[in-house]
Amino acid sequence: MGTTHIIDGKQTAADFRKNLAEEIKRASLSPGLAVILVGDNPASLIYAKNKQKAAQEVGVMVEVHHLAALASERMIMDLIDELNKRPDIHGILLQLPVPMHLNPQNLIERIDPIKDVDGLHPVNVGKMTSGLPAMIPCTPLGCMYLIKQVVPSLVGKHAVVVGRSALVGRPLAHLLLQEDCTVTQAHSKTTHLADVCRQADILVAAAGVPHLIGADAVKKGAVVIDVGINRQENGKITGDVDFDAVQDIASFITPVPGGVGPMTIAMLLFNTLKAARNQMKTGLDMMLYKE
Ligand code: NDP
């Protein structure tokens, strides 16, 4: 046995949700979240249900708008317009991926940035990358929370992020940079990936490739955050990190499941509360989105 500590994302998320619930109660708030789900992607149905359950527990009201797989872009945009106007809905989340006939970017850009709890609207992306207050994507936010639990000061640490998606890798690299890490972003065209990863004090795997990160890619004592959710043929879920091979090398490691996943949902609720607070401050007539 090594000295690796497993980061318990499930417990951390439960504690975080408890604090959120207390905050919502104390301030007598009623944050409202609308989840738009198009089609019957089984994973998306599960995610939407999990979000609904967690939200109800903390006092966030959730509406799931489940539309047929063939729903047109016009129909979804009309729904978004309606939700943008509703004062009881503070956050709007479009469950991704959407069916092939839809352009997700068009739909994301229709959401009022102030209600964009996924932090994917270009206004929020621009603000975040400029270091301005913004809605920040939930998974990177959850990763940062977990990392900060075990690394008190990130200044000067070398962070390697494997993956550069708009949803996870790219915003996470910015957040680490803002904490004064030295950041390397790896992706599918990176050569000698294991050598690059072995430089990391903090290694985040967000590629969606089962067991991409093995023992040869981890420096002794590194903190390893596994974002990957990969469904195996037997129905079990595995991460991007070969947990068994790496756990005795890393100082801290997140498991899959029970690591980053629960934190993503907790941060969605946090963003909904933040959005509700922002809207109370500015008033809905100040909505940034205009047709
Ligand atoms: P994307 O498919 O959008 O992006 C994957 C990224 O990984 C791309 O930048 C891609 O590079 C890179 N990549 C793919 N293969 C390799 C490789 N062999 N070596 C190095 N880099 C590689 O996925 P997401 O970012 O949306 O998600 C990543 C993973 O995280 C998935 O497993 C997803 O299910 C999971 N996830 C988990 C969440 C959670 O709550 N735990 C939330 C969101 C996602 P390139 O840009 O060159 O194509």
All strands (runs of 3 or more DSSP E) inside the stretch 132-209 with 3 or more residues being out of contact with any Asp or Glu (no Cβ under 6 Å at 6 or more places or on another chain) and under 21 Å from Asp8 (Cβ atoms): 202-205
Count of residues meeting criterion [surrounded by 24 or more Cβ atoms within 10 Å (Cβ to Cβ) and either part of a strand (DSSP E or B) or in contact with a helix residue (DSSP H, G or I) (Cβ under 8 Å, 6 or more places away or on another chain) (or both)] in the stretch 224-235: 4
Where Thr238 falls short, out of the listed (1) of a type outside the set (Lys, Arg); (2) surrounded by 15 or more Cβ atoms within 10 Å (Cβ to Cβ); (3) more than 21 Å from the chain's Cα centre (by Cα): (3)
Entirely in the stretch 8-106, the helices (runs of 4 or more DSSP H) that have 2 or more residues that are of a type outside the set (Lys, Arg), at pLDDT below 95 and out of contact with any Gly (no Cβ under 9 Å at 6 or more places or on another chain): 42-58
Single residue of the stretch 111-150 satisfying the filter (in contact with a Gly (Cβ under 9 Å, 6 or more places away or on another chain) and small (Gly, Ala, Ser)) that is surrounded by the most Cβ atoms within 10 Å (Cβ to Cβ): Gly142
The one condition in (1) surrounded by 19 or more Cβ atoms within 10 Å (Cβ to Cβ); (2) farther than 30 Å from Leu146 by Cα that Ala55 fails to fulfil: (2)
Any chance Val241 is of a type outside the set (Phe, Trp, Tyr), within 10 Å of the ligand (Cβ to nearest atom) and touching a residue at least 24 places away in the same chain (Cβ under 8 Å): no
Tally, over the stretch 184-222, of residues that are closer than 16 Å to Met144 by Cα, more than 19 Å from the chain's Cα centre (by Cα) and among the aliphatic types (A, V, I, L, M): 2
Complete set of residues in the stretch 167-201 that are buried (at least 24 other Cβ atoms within 10 Å of the Cβ), away from the ligand (no atom under 11 Å from the Cβ) and closer than 12 Å to Ala250 by Cβ: Ala200
Where a residue in the stretch 165-182 is without any contact (Cβ under 8 Å) to a residue 40 or more places away in the chain and its partner, wherever it lies, is of a type in the set (Lys, Arg) and more than 10 Å from the ligand (Cβ to nearest atom), with Cβ under 9 Å and at least six apart: Leu176/Lys157; Glu179/Lys148; Glu179/Lys157; Asp180/Lys157; Cys181/Lys157; Thr182/Lys157
The stretch 18-52 - residue that is hydroxyl-bearing (Ser, Thr, Tyr) and within 20 Å of Ile76 (Cα to Cα) and, of those, surrounded by the most Cβ atoms within 10 Å (Cβ to Cβ): Tyr47
Every residue from the stretch 244-265 that is surrounded by fewer than 23 Cβ atoms within 10 Å (Cβ to Cβ), in contact (Cβ under 8 Å) with a residue 24 or more places away in the chain and away from the ligand (no atom under 14 Å from the Cβ): Ala245, Gln247, Asp248, Ile249, Ser251, Phe252
Subset of the stretch 151-166 (residues that are away from the ligand (no atom under 12 Å from the Cβ) and crowded, with 22+ Cβ neighbours inside 10 Å): Ala159
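The values are calculated or read from the model by the stated rules, or taken from the named source; none is laboratory data. Computed from a predicted model, the values in this text were never measured in an experiment. Ideal geometry is used to build each Cβ from the backbone, glycine not excepted, and the neighbour counts take in all protein chains shown.
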